[in-house]
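The values are calculated or read from the model by the stated rules, or taken from the named source; none is laboratory data. As the structure is a prediction and not an experimental result, all values here were calculated from the model. Note: ideal-geometry Cβ built from the backbone for every residue, glycine included; neighbour counts use all protein chains shown. Heads up: the accessible areas ignore ligands, DNA and RNA and are worked out on the full protein's heavy atoms, side chains in. Shrake-Rupley method; radii C 1.70, N 1.55, O 1.52, S 1.80 Å.
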Amino acid sequence: ETGVTQTPRHLVMGMTNKKSLKCEQHLGHNAMYWYKQSAKKPLELMFVYSLEERVENNSVPSRFSPECPNSSHLFLHLHTLQPEDSALYLCASSFRRDSYGYTFGSGTRLTVV
Amino acid sequence: GQQLNQSPQSMFIQEGEDVSMNCTSSSIFNTWLWYKQDPGEGPVLLIALYKAGELTSNGRLTAQFGITRKDSFLNISASIPSDVGIYFCAGQSNTGNQFYFGTGTSLTVIP
């Protein structure tokens, strides 16, 4: 149990589908992050939320849309994805933005067909 | 973004052997972190380093913050099968908040 829970663990979706990834933490952390992990590449930071406010958006295509309704929950809404978007999507949290390392969830393995 | 180079990319070792891996950057970092990722799971923080020259241990793991502040090292002594996984370094510079991750070192331990 990592303290950061991601659902679903696996997701297969067509390019015309709309789906959402969910992340939940009850660690009392105030910052949450979405990362994309592709094979043979470093973790790519997608979005940062600090105190429920989006503070960073690393040039991510608009087909990825984050939502942070409160400090414990983070969503990533997906629509009209491309096959190259297939990857492991990791959620992480930390007490303050970029402080003392992150606690990661187990990730959602996304396959776009 | 910042480039972190990890080496080796992969290692195949016999159980009981010691392991060494490193991470280098082109710029100075103030913080180095080492994570391990088991198959099908997210990365888990192993060791955090905050000062140049710092040497920190966590059980059989020892990590060092290089004195140039551009590199870090991770050693695993007397490896066991559960050490299998991918080890990532991450660094944070003094010019920004973001942590940058390396590409990982994949470790396989042969019983």
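Any idea how far the Cα center of segment A:20-54 sits from the one of segment A:56-93, in Å?
8
Looking at the calculated P(r) for chain A, what percent of the C-alpha pair distances fall above 17 Å?
It works out to 49 percent of all Cα pairs.
Given the alpha-carbon gyration tensor of segment A:54-97, what are the semi-axes of its equivalent ellipsoid in whole angstrom, ordered largest first, with each equal to the square root of 5 times an eigenvalue?
They are 21, 11, 11 Å, listed from largest to smallest.
For B:Tyr50 and B:Ser7, what does the FRET efficiency come to when R0 = 35 Å and r is the distance between their Cβ atoms, rounded to the nearest 0.05?
E(calc), rounded to 0.05, equals 0.90.
Determine the share of chain A's accessible area contributed by carbon and sulfur atoms, expressed in whole percent, with a 1.4 angstrom probe. Write down the numbers at each step before the final one.
Numbers: 2670 of 5350 Å².
Solvent-exposed carbon and sulfur of chain A make up 50 percent of the total.
If you take the beta carbon distance between A:His77 and B:Asp38 as r and set R0 to 30 Å, what does 1/(1 + (r/R0)^6) give as a FRET efficiency, to the nearest 0.05? Don't jump to the answer; show the numbers that get you there.
Values: r = 28 Å, r/R0 = 0.94.
Given R0 = 30 Å and the Cβ-Cβ separation, E is 0.60.
Taking a virtual spin label 7 Å from the Cα of B:Thr62 along the C-beta vector, which residues in segment B:77-111 bring their backbone nitrogen under 14 Å of it?
In segment B:77-111, the label zone of B:Thr62 (backbone N under 14 Å from the point 7 Å along Cα→Cβ) covers B:77-79.
What percentage of the solvent-accessible surface of segment B:1-83, computed with a 1.4 Å probe over protein heavy atoms, is contributed by carbon and sulfur atoms?
Roughly 51 percent of what the probe reaches on segment B:1-83 is carbon or sulfur.
Dividing the convex hull volume of the Cα atoms of the protein assembly as shown by its residue count, what figure in Å³ per residue is obtained?
118
Within the set A:Lys22/B:Lys51; A:Lys36/B:Lys51; A:Lys18/B:Lys36; A:Lys22/B:Lys36, which residue pairs have Cα atoms separated by over 27 Å?
Going by Cα-Cα distance, A:Lys22/B:Lys51; A:Lys36/B:Lys51; A:Lys18/B:Lys36 fall outside the 27 Å limit.
Averaged per residue, what accessible surface does the protein assembly as shown expose to a 1.4 Å probe, in Å²?
On the way: 10430 Å² over 224 residues.
That works out to 47 Å² for each residue.
Can you give me the Kirkwood hydrodynamic radius for chain B, using every pair of distinct Cα atoms, in Å to one decimal?
13.9
Could you give the length gained on full extension between A:His10 and A:Asn30, defined as 0.36 nm per residue of separation minus the Cα-Cα distance, in nm?
4.6 nm
Most fluctuating residue of B:Gln37, B:Gln64, B:Gln14 in a GNM of chain B with Cα springs under 10 Å: which is it?
With Cα springs under 10 Å in chain B, the top fluctuation among B:Gln37, B:Gln64, B:Gln14 is at B:Gln14.
If one takes the accessible area of chain A alone plus chain B alone and subtracts that of the pair, with a 1.4 Å probe, what total in Å², rounded to the nearest 100, results?
Working: alone 6070 and 5850 Å², together 10430 Å².
When A and B are taken together, about 1500 Å² of accessible area is lost.
Could you rank A:His73, A:His26 by how accessible they are, 1.4 Å probe, largest area first?
Result of the area sort, largest leading: A:His26, A:His73.
Can you give me the solvent accessible area of B:Ile110 with a 1.4 Å probe, rounded to the nearest 10 Å²?
About 70 Å², ignoring ligands and nucleic acids.
Once Rh for segment A:13-65 is found with the Kirkwood sum over Cα pairs, what is the Stokes-Einstein diffusion coefficient at 10 °C and 1.306 mPa s, in µm²/s?
Working: Rh = 13.0 Å.
My calculation gives 122 µm²/s for D.
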